[in-house]
Every structure is written in structure tokens, then in C-alpha cells.
Amino acid sequence: MSRLFEPYELHGVKFRNRLWMPPMCQFTASSEGPSAGWPNDWHEVHYGARAAGGVGAVIVEATAVSPEGRISPFDLMLDRDEKIPGFARLANLIKEGGAVAGIQISHAGRKASASPSGTPLAPENSTLGGIGWQTVAPSPLPFTPRHEPPRELTLAEIKKIQTQFIEATRRALDAGFEFVELHGAHGYLLHQFLSPLTNHRVDEYGGDLEGRFRFWKEIVVMIRGELGNKFPLLMRISATNWLPQAQFEMRRDVTLEDWGKIVTELARLGVDFIDVSTGGLVDGVTVPEAPGYQVKYASEIQNRGPLPVSAVGMITEPAQAEQILVTGGASVVEVGRPLLTDPSLPLAWATRLGDEAPVPEPYTRGTPRI
Ligand code: FNR
């Protein structure tokens, strides 16, 4: 049997294989009223089809902890208990398809209030009268000159957002999700706290690495303290911001050595697994997108800390995925965009690797009728 289709276990949860679906925003939720952020028919078809298509886990897209934390007005949102049934339906569909149901919990910080293509949306009460809102961040530094500067979070607001993370995580577990992934990557709020490029605070949430990590640390401690130790907790990170070397050194950005310390600390606090991505914090940098371009970062993070990792990013061939696992570069491989156009990609990949395809049982029944 290939490594890719070998079962995997994390914190007591069993996955049928190591080929997972990463979070991918659909930007199709309704934006207003009490149903804002509810999963709808599209989400059910989309996630259900990919679970039945054979992946080991489906990680539901970035789901905001609050309206202000949405990337766009059309994001999923777990801000109220009333929405739990909508998410329970999604978790059920995914499990019915044979995959483990995970969900990514997120706050977009200064990158919130954007259109699905990333264009900043003007706040409703601005002179432009748009459908956006005032964004918040560790420091009042806009993502690009086209973005309105975010408002700097007060200490009370920081505590409130941390509570929202805990509450959204609790709702996800109440809905039946089997693991939660905190979105610490792609330049969103957690990432904004961690990097010295976006965090210029002079209080206890800024300054050195320990200060900038405090926001993460307190959330993980609260999740484990208040919600217990019964479920896997994952963290998605951006292992590099792709800064040119001179700029990287000048800004003293987070190094791979720092990541070793951060991951060791996250493990101690109760995180089980690191989903290694890159980028998203700084606009205008060159990302050398090529097959497997982020895999070396996954193996660096795995080698420098005590936690297993997943690799993601332009992994498009079964032999390529298998090679990553066999050489120990990662414990799990995630495939995003290819799954959007081919929900049953794992069935084809299993056959190509000489394994039995994880075909759903109803598809194996019956005889051809003519
Ligand atoms: C993404 N990605 C992403 N990442 C994340 O952490 N949370 C998210 O909600 C999203 N949303 C999203 C939407 C869409 C349409 C795409 C294409 C991507 C990034 C995604 O999880 C993955 O890391 C990248 O797509 C790279 O993997 P592939 O697509 O090259 O396999």
C-alpha cells in the first residue's frame, strides 16, 4: 500500500488516508441578516462531494469568529449559537462521506472587509458608503495603500476577540466537527500579531517574539483549558513571508529558528499538528510558485519542532505526493485547487498508485441495467 493511502491517527481521531482537502473559501454565504454566514446548499454540495470523493479529511474554509473578522461579506461565520445547526449539517455530510470533518477558525484583521477577489470594500458609514466595515489590527498599518488603515485594537478588544475564538471553537465542536484548525497564516489577524512587520505595539502584545506570540498563546491555553483535551487542535502557519533577504534582515522577521521555538511552545500548550503554508502578510512580494514550492518549509518546520505537519501548494501528481511522505517531508499532503475541479481525485490517485480506491459503498452496488 502507498503511504498516501495509509490510515493516519491524530489525537485519537482516525483518518482513512493522508490526502486531505485544505480550507478554501467559497464566498457564497449570505451577507446580511440573522442568516449571515450560514452554510447553504452550495457548501453542502461542495463539501459533501469532496468527502465522498475519498479525501481523508475535509477542512471547511476560513470561518469567521465575528462579522468584523470576515475576509469578505460572504464568508461562513460561527459567531452565534443559533448557527450551530447549519454547521452540524455540514459536519454530518462530511462524515457520511467517510472523511474526518475539520474546520478552520479565523479573524481577518486588517485584511477583512474585502471583495472575494481581494479589493478593499469601503465601510458603510464612509463617504463612499460601501458594504464594508472598519477593520481592526494589532497596529494601524494598512495592508496596501488602497486599504483604509485598520484601527489599533485596545486591550479590552483583544480579550473580546480571544473569547470569540474560544466560542467559535466550542460551536464547531458542538456542531460535530472532529478537529479545529486555527488560521495563523496568510496575513490574517493571528499572523498580524506574530510578525514584527505588522505588530508595532509597545504593550505586552508587541515587542519581542514572546510579546508578539502572547495573543496565540492565550488563545491556545484558553481553548485547551475551557474546551478540554479531547480533540485535535491544528494551526495553519505561513512559514515565510517571502521578503527579499535584505528586507527580511532589516525587519527581523520570524526566522525558521524562531518557528522551531514557536512550534515547541505550541506543542506544550496543546496544539497537535501544523499545517504549513506561506505568504499573505506583505503585498507585492514575489512568490516562486512552482510544483511543491512550499514543501521544503513543511519539512523544515517538522524537523525543527516536535509536531507532525502537512505540506500543501501545487502538489498535483500522486507520485509527487507519495514522494513527500516517503522521504519524511510531511505526515500528510493537502491538495486544494485540483480538488475544486475533480472532487473524486483521491479515487483516481489511489488507482494510479496501485491501491484500492476509497469508493463509497453505494457506488459499488448493483449490476448494470439496460
Ligand atoms: C484558498 N486557500 C485558503 N487557505 C486558508 O488557509 N483558508 C482559506 O479559507 C483559503 N481559501 C482559499 C480559497 C481558494 C479558492 C483557494 C484556491 C485557496 C489556500 C489553500 O488552502 C491552499 O493552501 C492553496 O490553494 C495551495 O494549495 P493548492 O491549491 O496549490 O493545492
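Here's the yes/no breakdown for (1) under 27 Å from residue 142 (Cα atoms); (2) open to solvent by 30 Å² or more (accessible area, probe 1.4 Å); (3) over 17 Å from the mean Cα position of the chain (by Cα):
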| position | (1), (2), (3) |
| --- | --- |
| 184 | yes, no, no |
| 200 | yes, yes, yes |
| 208 | yes, yes, yes |
| 221 | no, yes, yes |
Could you please tell me which pairs satisfy a Cβ distance under 6 Å, a separation of 6+ or placement on different chains, a first residue in the range 229-245 that is on the phi < 0 side of the Ramachandran plot and away from the ligand (no atom under 16 Å from the Cβ), and a second residue that is assigned to a strand (DSSP E or B) and not polar (S, T, N, Q)? 231/179; 232/10; 232/13; 232/179
For the range 123-144, what are the residues that are free of Cβ contacts under 8 Å to residues at least 60 places away in the same chain and more than 16 Å from residue 192 (Cβ to Cβ)? 123, 124, 125, 126, 127, 128, 129, 130, 132
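Among the residues of the range 278-288, are any part of a helix (DSSP H, G or I) and open to solvent by 40 Å² or more (accessible area, probe 1.4 Å)?
Applying the first criterion (part of a helix (DSSP H, G or I)) to the range 278-288 yields none.
So far as the range 278-288 goes, no, none of its residues is part of a helix (DSSP H, G or I) and open to solvent by 40 Å² or more (accessible area, probe 1.4 Å).
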Only one of these is surrounded by fewer than 18 Cβ atoms within 10 Å (Cβ to Cβ), farther than 21 Å from residue 274 by Cβ and touching a residue at least 12 places away in the same chain (Cβ under 8 Å): 338, 343. Name it. 338
For the range 325-341, how many residues meet the condition of being outside any helix (DSSP H, G or I), out of contact with any strand residue (DSSP E or B) (no Cβ under 6 Å at 6 or more places or on another chain) and either within 9 Å of the ligand (Cβ to nearest atom) or at pLDDT 95 or above (or both)? 4
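Would you be able to tell me the number of residues in the range 27-42 that are in contact with a helix residue (DSSP H, G or I) (Cβ under 6 Å, 6 or more places away or on another chain) and either in a helix (DSSP H, G or I) or not β-branched (Val, Ile, Thr) (or both)? Lay out the reasoning, then the answer.
Let us first name the residues in the range 27-42 that are in contact with a helix residue (DSSP H, G or I) (Cβ under 6 Å, 6 or more places away or on another chain), namely 28, 38-39.
The next check asks that each one be either in a helix (DSSP H, G or I) or not β-branched (Val, Ile, Thr) (or both); those that pass are 38-39.
The number of residues fulfilling the criteria is 2.
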Is there a residue in the range 301-324 that is more than 21 Å from the chain's Cα centre (by Cα), farther than 26 Å from residue 243 by Cα, open to solvent by less than 40 Å² (accessible area, probe 1.4 Å) and more than 15 Å from the ligand (Cβ to nearest atom)? yes
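How about the range 32-56: which of its residues are closer than 24 Å to residue 189 by Cβ and open to solvent by less than 40 Å² (accessible area, probe 1.4 Å)?
Filtering the range 32-56 for residues closer than 24 Å to residue 189 by Cβ gives 32, 36-39, 43.
Within the range 32-56, 36, 37, 39, 43 meet the criteria.
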Could you list all residues from the range 270-286 that are among the aliphatic types (A, V, I, L, M) and under 19 Å from the mean Cα position of the chain (by Cα)? 271, 274, 276, 281, 282
Go through the range 44-71 and give me each residue that's farther than 15 Å from residue 177 by Cα and assigned to a helix (DSSP H, G or I). 45, 46, 49, 50, 52, 67, 68, 69
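Where residues in the range 116-143 are within 16 Å of the ligand (Cβ to nearest atom) and either within 19 Å of the chain's Cα centre (by Cα) or at positive phi (or both), which of them is surrounded by the fewest Cβ atoms within 10 Å (Cβ to Cβ)? Reasoning before the result, please.
As a first pass, look at the range 116-143 and keep what is within 16 Å of the ligand (Cβ to nearest atom): 116-119.
Then keep just the ones that are either within 19 Å of the chain's Cα centre (by Cα) or at positive phi (or both); that gives 116-118.
On the way: 116: 14, 117: 7, 118: 13.
Only one residue fits best here, namely 117.
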Exactly one condition in (1) more than 11 Å from the ligand (Cβ to nearest atom); (2) over 15 Å from residue 5 (Cα atoms) is false for residue 291; which is it? (1)
Tell me yes or no: at least one residue of the range 144-162 is buried (at least 23 other Cβ atoms within 10 Å of the Cβ) and within 16 Å of the ligand (Cβ to nearest atom). no
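Please work out which residue is nearest to residue 70 (Cα to Cα), limiting yourself to the range 1-31 and to residues that are of a type in the set (Phe, Trp, Tyr) and either within 16 Å of the ligand (Cβ to nearest atom) or within 20 Å of the chain's Cα centre (by Cα) (or both).
Narrowing the range 1-31 to residues of a type in the set (Phe, Trp, Tyr): 5, 8, 15, 20, 27.
Checking the rest, the ones that are also either within 16 Å of the ligand (Cβ to nearest atom) or within 20 Å of the chain's Cα centre (by Cα) (or both) come to 8, 15, 20, 27.
Details: 8: 32, 15: 30, 20: 24, 27: 10 Å.
Top of the filtered list is 27.
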The one condition residue 103 fails out of (1) modelled with pLDDT of 95 or more; (2) under 21 Å from the mean Cα position of the chain (by Cα); (3) not in a strand (DSSP E or B) is (3)
Unmet requirement for residue 275, which otherwise passes all of (1) in contact with a Pro (Cβ under 9 Å, 6 or more places away or on another chain); (2) within 16 Å of the ligand (Cβ to nearest atom); (3) outside any strand (DSSP E or B): (3)
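The values are calculated or read from the model by the stated rules, or taken from the named source; none is laboratory data. Bear in mind the structure is a predicted one, so any value in this text is a computation, not a measurement. Note: ideal-geometry Cβ built from the backbone for every residue, glycine included; neighbour counts use all protein chains shown. Areas reflect the complete protein model, heavy atoms only, side chains present, ligands, DNA and RNA absent. Shrake-Rupley method; radii C 1.70, N 1.55, O 1.52, S 1.80 Å.
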